[in-house]
Amino acid sequence: MSDKTDYGFDLESILAEFSSDTAGIKAPPEDPARGMQPEFAAEDAAGSEAPVSEEASPAAERAARRPADGFRADFERNNPPAPRTPAAPEKGRSAPKPVRHGEHVGDSGAPEDGGRRRAEFDPDFFRRREDTGKPRRVRHAPAPEVLSGPEPEEEYVPSDGVPPAARILLGMLAFLLSIVFFLWIAVNVHPGTEAAAAAPAAGAKTDLVGRLNVYLNNAASDALGDLAYIKKQYTIDYSATVAPKPDAGKFVTFGTDEAGRVDEIIEQARTFGLLDGQDLIFSSDTDFYWDSDIRCYCDETILVICWKELIDNRVCSCVEVKLADGSQIRRKLVNDTFGSNERVVASELSRSANAVVAMNADFYKYRDLGICVYQGQLCRYETSCDVLFIDANGDFRMLSAGELGSREDIEQFIADNNILFSMSFGPILVRDGELLQLEGSYAGGIGEMNQQYSRSGIGQYDKLHYLIMTVNHSQDGTPRATVNDFARLMYGKGVQNAYNFDGGQTSEVLINNERYNYVDWDSEREVSDILYFATAIPEQEVG
C-alpha cells in the first residue's frame, strides 16, 4: 500500500485498510476521567480528506492518513472530549508546558524533582507506520486508584548534606570553642614586657581564671538543684571599687550576758561550710568589758564577731573575721585614686565601699614613706618601713625594711606572689608564729613606738581567718599600749602573722559603718584610706 493512498469516503475500504495497518496494536483502555487529549481532538476536527503531495510536510502527510468521519464518530462516542481545556497564557507570557497525567507540579508550574511520572494518552496512537515499519509502543495510563493518595514526605536535608540538628550542635560547639580561645588569649597573650606591668597582669590573670572557675561551679550548683549539693562560690572583681551591699537583716547585737547566743551564729557559719574545720578565737568565757556589747554578721561568705575584753587591764576591741574568698579583704582609697589630696572620715569610706567591717589603714597620704601597691601596681617605692603585702588568696606576706631590695626586686616580688595591695607603716609584730619585739627606734621615729598610745593592727590566724585589734582610751582610764605591748596582745590571741597600723586618733574599727571602739577625743579623724572586709554575695541574691 502506498503512503499516498486516497481513502475517500468508502467506510468498508477504510476499515479494511486500518485493520491491516494496526494489526497487533491494542487500543488504550477507556479512561472516563480523562477523555480525549485536547491536541488529538484539535487534529481530528481538521478533517482527513486532504491529498498528500510528494513535497508535502510531515504534518500534511499525517493529516492525510487520519481515519474517515465514520470511524471518528464512533471513537468520539466512546471517548468524549476532556471537560477542561488549557487556559490561554497571559499577555506577554509564554504558554505553560503541558503536564502529563499523574505528575506533581511545583509552584513554578514544572514537575517537582522526585515526583512519580505517569503515562499519558499518546496522540500518535493512530499514526501509520513510518520509517521502522512497526507500530509505536504506547504507555497506558495507570488505574485511578494508583493516582490517588498523598505522596510520601521526605526529610529535608540541606544542599550541603548536614541535617539541621547536627548544624545546631556544630554551631554550639564552635561558640564554646571561641569562648575558650578568647579566654586563653586574655590570660596568656601579651601580659606586658615591662616589670611594672607584671603585677597588674598577674592580678588580672588570677581574677579572670578565678571568675571562670566560680561561674562553672555555680552553674553546676544551679543545674543540679536538689539532686546533688554543690557549694556555691562567690568572688569580687579585684579591680572593683565597691563591694556587694551586705544584708542589713544579718547584723545582730547581743549583750555580754547573752554571749552564749553567739554560738548560734557560729553554728550557722559551720552549716555554710565557712569555717573549714578551723577553731575560733572568740569564746563566750571571755572577760568582756562591762561597757560593751557583742555584734555579729554572718552569711555564706563571711562571719564577723566583734567584742571588747580586758587584757592586762587594757580595753581591747577585737573583731574576728572568717572569709570564703581572698577577694573579700580589700583596700579603699579616697576617690579610688592613689595620690588624691582629699581626705574623709573612715565611716564615710566604709559606707561608700559597702563594707561589713572596716578599720583604718596606714594613712599613706600623711607621709611619703614606704612601699605602696594598689590593685597590683607599684605606686610608691621607698624602703624605710616594714611592709605588709596581701596577695590574691588573702594571705599575708611581710618584708622588713632590711629585706627590701631595688625597685626591680619589689616589682618582681609583686609579680611572683600575685600581690594585690600593700600597707606601709609597721613594724611587723608577729611573723610565722614568732613574737617580734622592737629594739630602738623605728623608721626615723614615726609612730611613737615606745609611748603609751592608742594602737591598731591586724593579724592572720589561719587561712582566710583574721583578727583586728585596737587598744584605746576607756571611761575607766585604762592604759593604752606601746608597740611591744601591743605585739604581745596580738600574739596572745594565737595569730601567726601580725602588723601594726597607724595609731592615735586614726585608730578605729567600724561594723555596719558605725564606730565600735572608742576613738581619741571621741571624734573621727579624716584619713586617706581604709582596710575592709565585704560580703561576696551579689545584691540580687540577698533577701
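The values are calculated or read from the model by the stated rules, or taken from the named source; none is laboratory data. The shown structure was predicted, so the numbers you read here are calculated from the model rather than taken from an experiment. Here the Cβ is made from the backbone with ideal geometry for all residues, glycine too, and neighbour counts use every protein chain on show. Calculation scope for accessible area: heavy atoms of the full protein, side chains included, ligands and nucleic acids excluded. Shrake-Rupley method; radii C 1.70, N 1.55, O 1.52, S 1.80 Å.
Things to note:
- A search for C-beta distances below 6 Å between a residue of the range 478-504 that is within 28 Å of SER528 (Cα to Cα) and any residue that is part of a loop (DSSP other than H, G, I, E, B) and among the hydroxyl-bearing types (Ser, Thr, Tyr), counting only pairs 6+ apart in sequence or on different chains, returns ARG480/SER454; GLY503/SER454; GLY504/SER454.
Each row is one residue, and each column tells you yes or no for (1) closer than 30 Å to ALA392 by Cβ; (2) in contact with a Leu (Cβ under 7 Å, 6 or more places away or on another chain).
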| site | (1), (2) |
| --- | --- |
| ASN450 | no, no |
| SER456 | yes, no |
| ASN472 | no, no |
| GLN475 | no, no |
| THR478 | no, no |
| ASP485 | no, no |
| GLY494 | yes, no |
| GLU524 | no, no |
| PHE533 | yes, yes |
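- Qualifying residue in the range 498-509 (condition: open to solvent by 60 Å² or more (accessible area, probe 1.4 Å) and either at pLDDT 95 or above or not in a strand (DSSP E or B) (or both)): no
- The range 289-316: number of residues that are open to solvent by 30 Å² or more (accessible area, probe 1.4 Å), hydrophobic (A, V, I, L, M, F, W, C) and in contact with a Phe, Trp or Tyr (Cβ under 9 Å, 6 or more places away or on another chain): 1
- Looking across the range 380-398, the residues that are touching a Phe, Trp or Tyr at 6+ places or on another chain (Cβ under 7 Å) and closer than 19 Å to ALA443 by Cβ come down to CYS385, LEU388, MET398.
- Every pair of residues 6+ apart whose Cβ atoms lie under 9 Å, when the first sits in the range 301-313 and is at positive phi while the second is of a type in the set (Gly, Ala, Ser) and surrounded by 18 or more Cβ atoms within 10 Å (Cβ to Cβ): ASP312/ALA481
- Residues being under 19 Å from PHE533 (Cβ atoms) and free of Cβ contacts under 8 Å to residues at least 24 places away in the same chain - total across the range 314-365: 1
- Candidates SER406, SER400, SER384, filtered to the one that is modelled with pLDDT of 95 or more and touching a Pro at 6+ places or on another chain (Cβ under 9 Å): SER400
- Among (1) over 30 Å from SER523 (Cβ atoms); (2) assigned to a helix (DSSP H, G or I), the one test that LEU378 misses: (2)
- Residues of the range 237-277 classified as part of a loop (DSSP other than H, G, I, E, B) and either free of Cβ contacts under 8 Å to residues at least 24 places away in the same chain or closer than 16 Å to GLU300 by Cβ (or both), total: 12
- Residue check for GLY433: closer than 22 Å to LEU369 by Cα and small (Gly, Ala, Ser): no
- For the range 487-523, the set of residues classified as more than 30 Å from GLY249 (Cβ to Cβ) and of a type in the set (Phe, Trp, Tyr) consists of TYR491, TYR499, PHE501, TRP521, listed by residue number.
- Matching residues in the range 391-411 - criterion: being hydroxyl-bearing (Ser, Thr, Tyr) and within 24 Å of GLY433 (Cα to Cα): SER400
- Where LEU464 falls short, out of the listed (1) at positive phi; (2) in contact with a Ser or Thr (Cβ under 8 Å, 6 or more places away or on another chain): (2)
- In the range 381-410, of all residues being without any contact (Cβ under 8 Å) to a residue 24 or more places away in the chain and either part of a strand (DSSP E or B) or hydroxyl-bearing (Ser, Thr, Tyr) (or both), the one that is least open to solvent (accessible area, probe 1.4 Å) corresponds to LEU399.
- Within the range 424-441, being on the phi > 0 side of the Ramachandran plot and either surrounded by 14 or more Cβ atoms within 10 Å (Cβ to Cβ) or modelled with pLDDT under 95 (or both) holds for GLY426, GLY440.
- Looking across the range 317-361, the residues that are under 19 Å from PRO538 (Cβ atoms), in contact with a Lys or Arg (Cβ under 8 Å, 6 or more places away or on another chain) and either open to solvent by 10 Å² or more (accessible area, probe 1.4 Å) or in a strand (DSSP E or B) (or both) come down to SER352, ASN354.
- Taken together, the residues in the range 518-543 that are in a loop (DSSP other than H, G, I, E, B), open to solvent by 10 Å² or more (accessible area, probe 1.4 Å) and farther than 19 Å from LEU369 by Cβ amount to 7.
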